[in-house]
Amino acid sequence: MHCYDTLAQQETAVTEFYQIHAAQLLAETDLTLEFVSTKLKDDFYQLIHILYNNHPDYPLPINQRLQLAQTTPNILTWWDEPKHGAAVHTLIDTCEELDLDLTAHPSDPTELQHCIQLLKTFPKYYSKLSNITALSTQWEKLLQDWDLLTSSLENSETEAVFLYLKKQQ
């Protein structure tokens, strides 16, 4: 990765990158200049998002962000979302084997709902839930009662879920 002394040097390098790749795409395909420009710009902004957006409490190194972006598309949107708490990050950390040593479990119905939604969005994580049970007795108990808790939340029984989670702390 290049380091540039000034913003002008960086902007020049980006412009050259666009020109080279746009010319190559236009020469090899029958795509329009407008489409190629838009596509390259979108890809560039997506790469910038992957590299530089980060959750303030759970920053990830660039190499792990790139790895996640390749192995599990859209997971960084979940990771970077400020409203997602420590339990969501623990699930991602464990299921993606990031080795960040996170162990937090859901402490309220909203956080549990985020974990449930994460699993629905990324069903491949279901096969890795056995790794979660090793994190703590709270996670082990939560996963034993997962279907009951999910059903309770779906039936708007948040008070019962709140009491359950409070008892687990």
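Residues in region 135-152: is at least one at pLDDT 90 or above, within 21 Å of ASN74 (Cβ to Cβ) and of a type in the set (Gly, Ala, Ser)? Checked against the condition, which is being at pLDDT 90 or above, within 21 Å of ASN74 (Cβ to Cβ) and of a type in the set (Gly, Ala, Ser), region 135-152 yields no hits at all. Of the residues making up region 135-150, those that are in contact with a helix residue (DSSP H, G or I) (Cβ under 8 Å, 6 or more places away or on another chain) and not in a helix (DSSP H, G or I) number 2. Going through (1) outside any loop (DSSP other than H, G, I, E, B); (2) at positive phi one by one, LEU129 falls short only on (2).
Test ALA160 against the stated conditions and say whether it is touching an Asp or Glu at 6+ places or on another chain (Cβ under 6 Å) and in a helix (DSSP H, G or I). Spelling it out, it is not the case that ALA160 is touching an Asp or Glu at 6+ places or on another chain (Cβ under 6 Å) and in a helix (DSSP H, G or I). Going through region 153-169 one residue at a time, which ones are closer than 23 Å to THR137 by Cβ and either of a type in the set (D, E, K, R) or touching a His at 6+ places or on another chain (Cβ under 8 Å) (or both)? Residues satisfying the conditions are LYS166, LYS167, GLN168. Counting the residues of region 90-130 that are in contact with a Cys (Cβ under 7 Å, 6 or more places away or on another chain) and farther than 17 Å from LEU165 by Cβ gives 2.
The values are calculated or read from the model by the stated rules, or taken from the named source; none is laboratory data. In this text, all values refer to a predicted model and were calculated from it rather than measured experimentally. As a convention, Cβ positions derive from the backbone with ideal geometry for all residues, glycine included, and neighbour counts pool all protein chains shown.
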